[in-house]
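Here it is, the structure in full.
The values are calculated or read from the model by the stated rules, or taken from the named source; none is laboratory data. Because the structure is a prediction, the values reported are computed rather than measured. Glycine also receives a Cβ, built like all others from the backbone with ideal geometry; neighbour counts cover every protein chain displayed.
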Amino acid sequence: MAEVLRHRGRIVSDTDVEFICELIARERQATRRQLSKLLCEAWDMRQPNGALRDMVCRGLMLALDRAGHIQLPPVTRRPPNPFLTRARPERVEMDQSPIECSLRELGEVSLREVRRTDEEKLCCGLIETHHYLKYTQPVGEHLKYVAYAQNRPIACFTWSSAPRHLGPRDRYIGWALAKQRQNLRLLAYNSRFLIVPWVKVPHLASHLLGKVTRTLSGDWQRKYNHSIVFVETFVDPERNRGTCYRAANWVQLGITTGRGKDAPTWEQNRSKKLVLGLALVRDFRERLTK
């Protein structure tokens, strides 16, 4: 079998192309979306929670069509792109009276996973209003949390699928490319962490990081049917040193190159970031490299 294409780590052979062509010929009335679902089922392309990897399969078929290996049916409709038309989260109006005390005086801190609950808008709105990077919809598998104390929301987290290629992290783990593609789902990326600006409590940030990383893997298991063994984040050194992460036992893995994943050249086109990571289990390397 000859290799025709690689897509998201999957090798597509000439035999695979022949199978897809036969599928298209047999299902003459099927739309592109219907064909991608049929191919997913035929190849058993599924996420760990059992859902079909429909968008991955659709991208694969589109790449083959553009390269001239297959001919997809004409586009029947173009639905709006939710990432281009998504409304910004609404500003949250709430009690902003200062909370300035010690961590002990703050009292019990509770953490709630809020994705697809009534509290999700609160999480997104607080980040949009008070985080310097604003809110960005997390990529792939993701969870969102709101922390409460004294019956008031005090902090928010968003976690998402980890980026596919990150040099400092990949060197730290020491995994081969094949294992990276196989086990990347066992990593999560802390894309946003906000403590609302009217809360001034020493050591609260590291306390919250410890609290959320203790519950994250179990919550991910319940939502996506697999655990998390390693977490990571970026820190802009021009704004801070990531002190709260270091206090919560995260370690610096290295510094990014300052290029995005789709950068057209090797030249730096954005600020370099510190990469910090935390192993959630002792045998994380064994689990990620086996």
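Checking the structure you have, find out if any residue of region 189-205 is surrounded by 14 or more Cβ atoms within 10 Å (Cβ to Cβ) and farther than 30 Å from Gln96 by Cα.
The answer is no; no qualifying residue exists.
Can you tell me which residue within region 84-121, out of those that are in contact (Cβ under 8 Å) with a residue 60 or more places away in the chain and under 14 Å from Asn151 (Cβ atoms), is nearest to the chain's Cα centre (by Cα)?
Ranking the qualifying residues of region 84-121, first place goes to Val109.
Now for a different question. Say we look at region 35-72 and pick out the residues that are closer than 19 Å to Val4 by Cβ, out of contact with any strand residue (DSSP E or B) (no Cβ under 7 Å at 6 or more places or on another chain) and of a type outside the set (A, V, I, L, M); which of these is surrounded by the fewest Cβ atoms within 10 Å (Cβ to Cβ)?
So, considering only residues that are closer than 19 Å to Val4 by Cβ, out of contact with any strand residue (DSSP E or B) (no Cβ under 7 Å at 6 or more places or on another chain) and of a type outside the set (A, V, I, L, M), the one surrounded by the fewest Cβ atoms within 10 Å (Cβ to Cβ) is Gly68.
How many residues does region 133-166 contain that are part of a strand (DSSP E or B) and among the β-branched types (Val, Ile, Thr)?
Number of matching residues: 3.
Still on this structure, please answer the following. Please identify the pairs in which a residue from region 263-276 that is outside the structural domain of Ser191 (by TED's automatic domain parsing) and modelled with pLDDT under 65 has its Cβ atom under 7 Å from the Cβ atom of a residue that is aromatic (Phe, Trp, Tyr) and surrounded by fewer than 16 Cβ atoms within 10 Å (Cβ to Cβ), counting only partners at least 6 apart or on another chain.
none
Restricting attention to region 120-128, does a residue exist that is surrounded by 18 or more Cβ atoms within 10 Å (Cβ to Cβ), touching a strand residue (DSSP E or B) at 6+ places or on another chain (Cβ under 7 Å) and of a type in the set (Asp, Glu)?
no
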